[in-house]
1. Taking a ≥ b ≥ c as the square roots of the Cα gyration tensor eigenvalues, with a/c under 1.5 meaning rounded and otherwise prolate when a/b beats b/c, else oblate, which class fits segment A:138-274?
2. Go through A:210-222, A:178-190 and give me the packing order, highest mean Cβ count within 10 Å leading.
3. Counting residues in the protein assembly as shown as N, plug N into 2.2 N^0.38 Å and put the Cα Rg over that result.
4. Roughly how many Å² is the accessible area per residue of segment B:194-288, as a whole number, for a 1.4 Å probe?
5. Relative to the longest principal Cα axis of chain A, at what angle does helix A:132-147 sit, 0 to 90 degrees, rounded to 10?
6. At 1.4 Å probe radius, can you tell me the per residue accessible area of segment A:10-181 in Å²?
7. When you look at the Cβ of every residue in A:164-172, what mean number of other chain Cβ atoms sits within 10 Å?
8. With axes computed from alpha carbons, what is the tilt in degrees of helix B:43-55 against the longest principal axis of chain B, rounded to the nearest 10 within 0 to 90?
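The values are calculated or read from the model by the stated rules, or taken from the named source; none is laboratory data. The structure presented is a predicted model; accordingly, all values stated were derived computationally and were not measured. Don't worry about glycine lacking a Cβ; one is built from the backbone with ideal geometry, like all the others, and counts go over all protein chains shown. Protein only, heavy atoms only, side chains kept; ligands, DNA and RNA dropped before computing areas. Shrake-Rupley method; radii C 1.70, N 1.55, O 1.52, S 1.80 Å.
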There are 2 protein chains.
Amino acid sequence: MRIKKENSVEVIAKISAVKAAIEKQKSSGKSIGFVPTMGFLHEGHLSLVRESLRRTGYTVVSIFVNPTQFGPKEDLQEYPRNLEKDMAFLEELGVDLVFIPDTLEMYPEGFKTYVEVTDLQDNFEGRSRPGHFRGVCTVVLKFFEIINPDVAYFGQKDAQQSVIIKKMVGDLNLDVEIQVLPTVREKDGLALSSRNVYLTKDQRKAASILVNCLRKAKNMVEAGEKDPYVITKEMTRMIGRQTLADLDYIAIVDVGNFEPLDKIKKEALIAVAVYFGKVRLIDNMIVQSKE
Amino acid sequence: MRIKKENSVEVIAKISAVKAAIEKQKSSGKSIGFVPTMGFLHEGHLSLVRESLRRTGYTVVSIFVNPTQFGPKEDLQEYPRNLEKDMAFLEELGVDLVFIPDTLEMYPEGFKTYVEVTDLQDNFEGRSRPGHFRGVCTVVLKFFEIINPDVAYFGQKDAQQSVIIKKMVGDLNLDVEIQVLPTVREKDGLALSSRNVYLTKDQRKAASILVNCLRKAKNMVEAGEKDPYVITKEMTRMIGRQTLADLDYIAIVDVGNFEPLDKIKKEALIAVAVYFGKVRLIDNMIVQSKE
């Protein structure tokens, strides 16, 4: 059983100190679990942390709003932050180490090195957010090098990100297991996201259109529909009826490699991105065809 | 003292087997030295191997002609190979492990992930060989992940490569020390290179122009010349007089970051690339201004 005094979490800002702390744990034989976050934690993040606490001997959470994954027109400055509340959550759960570097610690002046997963990074989220996945891959690789985790945890809500991270790990021969855990949802089905706080009351109500059109798509597939075009058309129609919602994209793709499907065979991932004013929300579901 | 039976070198083609072999050495407390090569070994490579054998407990040499660092019009197919001779050298020196993966082991079908050091990769060698340094960074990072070396050895002859690798290691927080060792030269001063075998007898004779114009530049700097333009002009003139030689570029740059210098202050790196027919040779010297 895991017994841990409250407030015993270690907070570190320097890379060298994190490396030293983890080296010590590794040499004592502990397995390292890692949950990368941009802070403003919600139950989705916490579900990853709990799984890491269950499965590994030493859990590291990073809180870092990574500038290289935001486009020049995106919400880096306004991205929500609440470090005090985040720390209260993590202390209560009994996390071992929280890594909170500042931007210059991660990206010193003259930083020039980037990691990218070609092709995969240019579709869907990548098309809407140029450079986004390059920033994600770069910062995640850096975290992996600093923290040297045995297992790293990601949420299914960022489905394309998970596929890309797994591809990077395989291609670059990294020794880390990637675990992707289910999306956590509000009562009305809205996927938890730090960006949900930006929504007005009316937009918040309207935002359940994402999960609703995904559920409709799931039902269609389970009822035998195999044509992505037919499903996309119905989802587009549903989102079109919601006046506060502007469709960005609908993706019906292979679960493993995010390639668009001509026909749904056994399994597919259906992803959707919708704007409510300036707020952009994403969601997805994996659907099984009964054949 | 190092005593080693001849022919005891371990040869491995599979990544998983290399990881296992090295994990075993690491857990017994040995430090790992790594020399990446494309084979066709000469005294330049062997000087790196000897230093690794002196400084570390377990020396790994890779032999891999890396396709991603060759351009579409370059000499990948014709790159010289002589595995038998390479192995004889490495056995005689007492190397512990030789890693000889095939192309599909390093780049399985669908490989998509690349590492690049922006800016630095686009000048000089990078301009003459688009994509070259992206291929170098990607394969070197993969080797570092597979072999997990404490120290990796590179030759000063590929000066821009060494600067880029060091930058990558720093930017991505990799735990490996990069050692750059001096260029090994023939009697007439020509830098050893696997590509020297391509030269005709006349070209081979003419090729000493590289080291000769670098020595001239060094003398000029030591005599007080600080203007890169004046030095470049003299080097260009010398190469121009050699009818078999076609100048590709002359670079007078900062030793640490390879940025072109307006004026030589304390120290500079002078690099040159010259074609002899289709054969392209490079060389460089670090020069000190007496100020």
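1. On the way: a/c = 2.55, a/b = 1.44, b/c = 1.77.
It comes out oblate by the Cα gyration axes.
2. On the way: A:210-222: 19.0, A:178-190: 15.8.
Averaged packing, sorted descending, gives the order A:210-222, A:178-190.
3. Working: Rg = 27.6 Å, N = 582, 2.2 N^0.38 = 24.7 Å.
Computed over Cα atoms of the protein assembly as shown, the ratio equals 1.12.
4. On the way: 4790 Å² over 95 residues.
Here the per-residue accessible area is 50 Å².
5. Compared with the principal axis, the helix lies near 30 degrees.
6. Details: 6750 Å² over 172 residues.
Per-residue value: 39 Å².
7. Numbers: counts 2, 0, 0, 4, 3, 2, 5, 11, 10.
Per-residue shielding by partner chains comes out at 4.
8. Roughly 50 degrees, rounded to the nearest 10.
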